[in-house]
Amino acid sequence: MFRYNILFTLFLFAPTTTGSELRGTDELKSQNAPKFLSSSKPEDEGLIRTPKEGTPLEDNQLIMIPLGSDKSSKSDRRILQNTKNWQNSIRKKTNAERKNVGLGVLRKSQKATSIAQKWAHTMANDNELKHNPNFSEGCSGGSAAENVAYHNKSDPKYLVVQWMNSEGHKRNILNSRYSYIGVGVVEDDGRFWGVQVFCSDE
């Protein structure tokens, strides 16, 4: 039996600054402010709150990363290398946060990485932030958790900043129960979609 937590983060960057009221308990003061949904229960997905902003990152030119084919073309090799670099940067930043509080590093799980990467592609293709109902299949047993998010910054590591600014997601990252992690990340049309799958057992 799996014990698992599901949490997700949604950051919206709208072009206007007019006030607007959104369904839920909070009022959106500026549509330029980053927003996210955070819940451990499906019925709470409508609640919206504003997180503490992370360190601003400069915008650089973004590289479009489409769903790659199996052909060994130069373009596909570049896509694969970029994806691996982004996955590694997110995992390293996640482990840096754990080290800051005296926790051990999370080791890479190939199985969890495969599940996370496929789900990042699914969210990007559907243009929808949502949880993978089968994310625990990335783990062989024990406990499992999933973080998902997207952002329009130029550095995929900002996904970790978002998660660390949300108590529920932060608890997943800093949970001593987990020993393995799989990371998925896709860049599509200037937006990074990210997934973390945490496992107590590989």
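The values are calculated or read from the model by the stated rules, or taken from the named source; none is laboratory data. Keep in mind that this is a model prediction, so the values were computed, not measured. Virtual Cβ from ideal backbone geometry, glycine too; neighbours counted across all protein chains shown. Remember, those area values only see protein heavy atoms, side chains included, never the ligands or the DNA or RNA. Shrake-Rupley method; radii C 1.70, N 1.55, O 1.52, S 1.80 Å.
Structure above, values below:
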{"read-out": "Pair list, Cβ < 8 Å and 6+ apart or interchain, from the range 133-155 residues that are within 14 Å of A112 (Cα to Cα) to residues that are acidic (D, E) and crowded, with 24+ Cβ neighbours inside 10 Å", "value": "F135/E146"}
{"read-out": "Looking only at the range 154-175, and only at residues there that are of a type in the set (K, R) and part of a helix (DSSP H, G or I), the one that is most open to solvent (accessible area, probe 1.4 Å)", "value": "R171"}
{"read-out": "Within the range 81-124, tally of residues that are open to solvent by less than 70 Å² (accessible area, probe 1.4 Å) and in a helix (DSSP H, G or I)", "value": "26"}
{"read-out": "Residue within the range 176-191 that is surrounded by fewer than 19 Cβ atoms within 10 Å (Cβ to Cβ), assigned to a helix (DSSP H, G or I) and of a type in the set (D, E, K, R) present", "value": "no"}
